[in-house]
Amino acid sequence: MAVREIVIVPHPTLRKKAEKITDFGPDLQQLIDDMIETLHGAYGAGLAAPQVNVSQQVILVEYGADENEEIPPTMYVVANPRVSRFSQEIVTGAEGCLSIPGMMGEVERSEEIIMEGQDRFGEQVKMRLQGWTARIFQHEIDHLNGILYTDRATSTWETDEDFNPV
């Protein structure tokens, strides 16, 4: 495993539509392992392959239980993720991004989603997600479509460069 460089705006890979994963072999497994190490090193909650300059549809989301911080966080690895259903309930929340250091913004997202995709080995997955976890998934899936949270933000502000919440 290796920590990969996280690209920052205006890097062109961040604006490209990522390619669908069709080969779940050793190269993808290495990319995922590297992304996990990169995410942990950056203390983020999520990471999409375009953020490490790989235009492929794979995301990581690592988040713990809101109610109990003693429960270790869960690592989700999803290839070819898509949201098949958005709730009508929209909530506004603060987001940041490892590829946009020093900035945060208010973004409206669906409170609950149904996300479908494949695990790291190509098996189908389907999850009902809500709250902060749903927000992180929507943020990371946007990366696969060349969309940054600043494109959706109703307001933005500068923050401490070491603070990277999403």
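The values are calculated or read from the model by the stated rules, or taken from the named source; none is laboratory data. The structure displayed is predicted, hence computed values, not measured ones. All Cβ positions, even for glycine, are placed from backbone atoms using ideal geometry, and neighbour counts span all protein chains on display.
Assorted remarks:
- For segment 7-20, residues that are touching a helix residue (DSSP H, G or I) at 6+ places or on another chain (Cβ under 7 Å) and not in a loop (DSSP other than H, G, I, E, B) total 2.
- Listed by first and then second residue, the pairs with beta-carbon distance under 8 Å, at least 6 apart or on different chains, first residue in segment 140-158 and touching a residue at least 60 places away in the same chain (Cβ under 8 Å), second part of a loop (DSSP other than H, G, I, E, B) and among the charged types (D, E, K, R), are L144/K17; N145/K17; G146/K16; G146/K17.
- For segment 98-125, a residue qualifies if it is more than 22 Å from M35 (Cβ to Cβ) and either touching a Gly at 6+ places or on another chain (Cβ under 6 Å) or of a type in the set (D, E, K, R) (or both), and the qualifying residues are M104, E106, E108, R109, E111, E112.
- Scope segment 1-51; condition of a type in the set (D, E) and touching a residue at least 12 places away in the same chain (Cβ under 8 Å); matching residues: E5, E19, D33, D34, E37
- Exactly one residue among P50, P10, P26 is of a type outside the set (A, V, I, L, M, F, W, C), at pLDDT 95 or above, out of contact with any strand residue (DSSP E or B) (no Cβ under 6 Å at 6 or more places or on another chain) and buried (at least 19 other Cβ atoms within 10 Å of the Cβ), and that residue is P50.
- Of the residues screened, T38 is one that is in contact with a strand residue (DSSP E or B) (Cβ under 9 Å, 6 or more places away or on another chain) and in a helix (DSSP H, G or I).
- If the condition is being surrounded by fewer than 14 Cβ atoms within 10 Å (Cβ to Cβ) and in contact with a helix residue (DSSP H, G or I) (Cβ under 9 Å, 6 or more places away or on another chain), then segment 102-127 contributes E108, F121.
- Of all positions in segment 128-139, at least one carries a residue that is modelled with pLDDT under 95, among the hydrophobic types (A, V, I, L, M, F, W, C) and surrounded by 15 or more Cβ atoms within 10 Å (Cβ to Cβ).
- Residues in segment 83-103 that are small (G, A, S) and part of a strand (DSSP E or B): S84, G93, A94, G96.
- Qualifying residue in segment 64-78 (condition: touching a residue at least 40 places away in the same chain (Cβ under 8 Å), assigned to a strand (DSSP E or B), of a type outside the set (F, W, Y) and touching a strand residue (DSSP E or B) at 6+ places or on another chain (Cβ under 6 Å)): yes
- R4, sole failed condition from (1) outside any loop (DSSP other than H, G, I, E, B); (2) farther than 20 Å from N145 by Cβ; (3) modelled with pLDDT of 95 or more: (1)
- Scanning segment 21-49 for residues being touching a helix residue (DSSP H, G or I) at 6+ places or on another chain (Cβ under 9 Å) and over 14 Å from A79 (Cα atoms) gives a total of 4.
- Lone qualifier among M104, M75 - being more than 15 Å from the chain's Cα centre (by Cα), closer than 18 Å to I6 by Cβ and hydrophobic (A, V, I, L, M, F, W, C): M104
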